[in-house]
Amino acid sequence: MILYLGLVGLLIVLIVIGMPVGFAAGLTSVLGAGLFFGDVFDPRVGTMIARLAMDKMDNFLLLAIPFFLLAGRLMNSGGITEKLFGFVALVVRPLRGGLGHANVLASVLFAGMSGSATADAVGLGQIEMKAMMSQGYDRGFSAGVTAASSLIGPILPPSIALVAFAVQAEISVAAMFFAAIVPGLLMAVSYMAYVAYRARADGMVAGPVAGLAELWPAFRAAILPILTPAIIMAGIYFGIFTPTEAAAVAAAYATFLGVFVYREFGLRHLWREVRGTMVDSAVIMLIIVFTSAFGVVMIRGQVPMALAEFLTGLTTNPTILLFLLMGFWLVVGCFMAQTPAILILTPILMPIVEQYGIDPVHFGIIMTLTLTLGLLTPPVGMVLYALVRVTGLSFDRLAVLCIPYLVITTLVIALLILFPTLVVYLPGLLQ
Amino acid sequence: MSLNDPRRLPSGEASLPGWLSWPRQAIETVATALIVVMMLSTLAQVAFRYVFELSVPWTEELARILFVMAMLLTMGTAIRENENIIVDFLLRRASPRWRCAISVLFDAAILAFLFIWGRGALALISLNLGSTLVTLPFVSVGYLYACELFGVLLMALYVGIDLVTNALRFGGRLESTAS
């Protein structure tokens, strides 16, 4: 047991000192396999690793990752973000701080196409910052809301992080997608409430109501991309396609929009995007394969059981356990990107989830949401790094500007822990 | 190997011998084409089910094996292009010389790991040559393990190049691109 716990420590050290996460997990898995075969160079260690790698990748669910990544990349490069923002900015113009609200709403719609916070921050963020600056909004306020709204991307479906959790936990991707809708919308509503409060406090003025002559062309330009999440979710809900097929349809739809409807890119650009998608997917796959292998090694070493025993010594209450884990994930999220953290921790924590009788879907949403906060916290907040160039503000200043939104999101997570129905009601409708 | 570090040139890109450039491009083209066919196969599955009202079992298995092959072929590209995910807040604080030294150690450890993985894949090729896929009986499972071995060798090649490059930088025989 001590040796297996040592492997957990070694994995953490290797990751913290900068070894690629996938290889750090692979190396520690080999050492773990060596422990139960008696020798790292025993031929059975190699065959176990090679077989595990093949078995893990040979999973139809995983194909959803490259398809959703491709759909997001194509939507971002097809000029769709401008059309989206233009439309929502007109709709919420009569509200005080209208572009702040538009910022959040555009992220909600964009989340249904891209599923990535960084894509939101860099693609949509640039347009949002430019529009807010030209209308005289405070730079700090604009940067804060742009950073915070990008967090909605990896929560609302389709989301790569949710697919990654579902694959590792061996639960339904569709259930995770439906479970994420209410939390994602709650985040958006609470950010908009804060924007409304700041707009009133700072004396921002409301704009005129947009007439039909203005709204109609903007709506026509934006409606086809807005339909993407509806196609995905309706297709899954009515059993027309599986999540993986839905992802392929989304990628095909994004290709159709970019090449034929908006004529923003040709086959050469499409090929480049497919190639980029493939590399991104391979990076994620390397981590999925070897974090799973590490999970197998940990279960052999009874580490999750020991962890469960330790936690039951602290509390037997699942709600308190979730609050304890939330604190742990907040710390982890500061140092590690969301998807790798999910991939590493899920196989270790799932036996505990079962022992405490927590709904795995509820658990997955809380974990994903909490780890998402790490995108806005130093030292590795990826969205903050992405926004330094977009906003022209320093990393430290951006981190400070995000504090109110981090507090708001933490309160939303606490609410979701206390009221699991908010998460599990919609996936329950699928059954 | 300080992957994702914008202050360094992608190692393989900088030091790949010229004669390796066309096989590299060929492999990447094949992998990209595999992804395209995988997507078409998945879409065909939906079309067969709803348009032609036919249940076609081979489309899913075909998409799966194409995905596995594409991923194995691309893992090497991810290394060459320094795309792998790392937590680099400590590494960034180290001096360029120290970063090279740490990268050499990482590369050596990764090569040892790839050796063990590759040896396993090699053993599984011969063990699985006789068994075939369920819906595509002309495809031997052994071929998939052969692809796995090829992917591992490709990764080992790029990690090896990175190791040599970093060792030369550490020894001062190659100018460091890190600031």
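Each reported figure results from applying straightforward, stated rules to the coordinates on display, with no laboratory input. Worth saying up front: this structure is predicted, and the values here are computed from it rather than measured. Here the Cβ positions follow ideal geometry from the backbone for every residue, glycine too, while neighbour counts run over all protein chains shown.
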Item to check | Global form of the stretch A:1-72, assessed from the alpha-carbon gyration tensor, a/c cut-off 1.5 | outcome: oblate
Checklist outcome for this item: Inter-part gap, Cα centre of the stretch A:217-234 to Cα centre of the stretch B:43-112, in whole angstrom, is 31
Checklist entry - Where the centroid of each part is defined by its Cα atoms, how far is the stretch A:30-75 from the stretch A:114-145 in Å? => result 38
Checklist entry - Can you give the extra length, in nm with one decimal, that the chain gains between A:Leu3 and A:Gln302 once fully stretched, where that is 0.36 nm per residue apart less the Cα-Cα distance? => result 106.5 nm
Checklist entry - For helix B:58-80, what angle does its Cα long axis make with the longest principal axis of chain B, in degrees from 0 to 90 and rounded to 10? => result 10
Checklist entry - When N counts the residues of chain B, how does its alpha-carbon radius of gyration compare numerically with 2.2 N^0.38 Å, as a ratio? => result 1.27
Checklist entry - Where a ≥ b ≥ c are the square roots of the eigenvalues of the C-alpha gyration tensor, would you call the stretch A:91-138 rounded, which needs a/c under 1.5, or, failing that, prolate if a/b is larger than b/c, or oblate? => result oblate
Checklist entry - What length, rounded to one decimal in nm, is gained on full extension from A:Arg389 through to A:Arg263, with 0.36 nm per residue of separation minus their alpha-carbon distance? => result 42.5 nm
Next on the checklist: How compact is the protein assembly as shown by the rule of thumb for globular proteins, expressed as Cα Rg over 2.2 N^0.38 Å?
Outcome noted: 0.96
Checklist outcome for this item: For the protein assembly as shown, whose charge dipole is built from +1 on Lys and Arg Cβ atoms and -1 on Asp and Glu Cβ atoms, the candidate among A:Ser190, A:Gln302, A:Val45 with its Cα farthest towards the positive end is A:Ser190
Next on the checklist: When a/c reaches 1.5 or more, the comparison of a/b and b/c decides; with that in mind, is the stretch A:206-271 rounded, prolate or oblate per its Cα gyration tensor?
Outcome noted: oblate
Checklist entry - What is the set of long-range amide H partners of B:Thr132 at a cut-off below 5 Å, with H atoms built 1.01 Å from backbone N? => result B:Val141
Item to check | Electrostatic dipole magnitude of the stretch B:13-121 [Cβ: Lys, Arg +1; Asp, Glu -1; Cα centre; debye, to 20] | outcome: 460
Checklist outcome for this item: With +1 at each Lys and Arg Cβ and -1 at each Asp and Glu Cβ, the charge dipole magnitude of the stretch A:88-201 around its Cα centre, to the nearest 20 debye, comes out at 480
Checklist entry - What is the magnitude of the charge dipole of the protein assembly as shown about its Cα centre, with +1 placed on the Cβ of each Lys and Arg, -1 on the Cβ of each Asp and Glu, and no other charges, expressed in debye to the nearest 20? => result 1180
Next on the checklist: Quick check on chain A: helices-only [θ] at 222 nm, where DSSP H runs of length 4 and up contribute -39,500 (n - 2.57) each and the sum goes over total residues. Nearest 500, please.
Outcome noted: -24500 deg cm²/dmol
Checklist entry - Expressed as an acute angle from 0 to 90° and rounded to the nearest 10, what is the orientation of the C-alpha long axis of helix A:139-149 relative to the principal long axis of chain A? => result 50
Next on the checklist: Using a 7 Å offset from the Cα along the Cα-to-Cβ direction at both A:Ala193 and B:Val56, what is the distance between the two label points in nm, to one decimal?
Outcome noted: 5.1
Item to check | Pairwise centroid distance, computed over Cα atoms, of the stretch A:162-212 with the stretch A:417-431, Å | outcome: 17
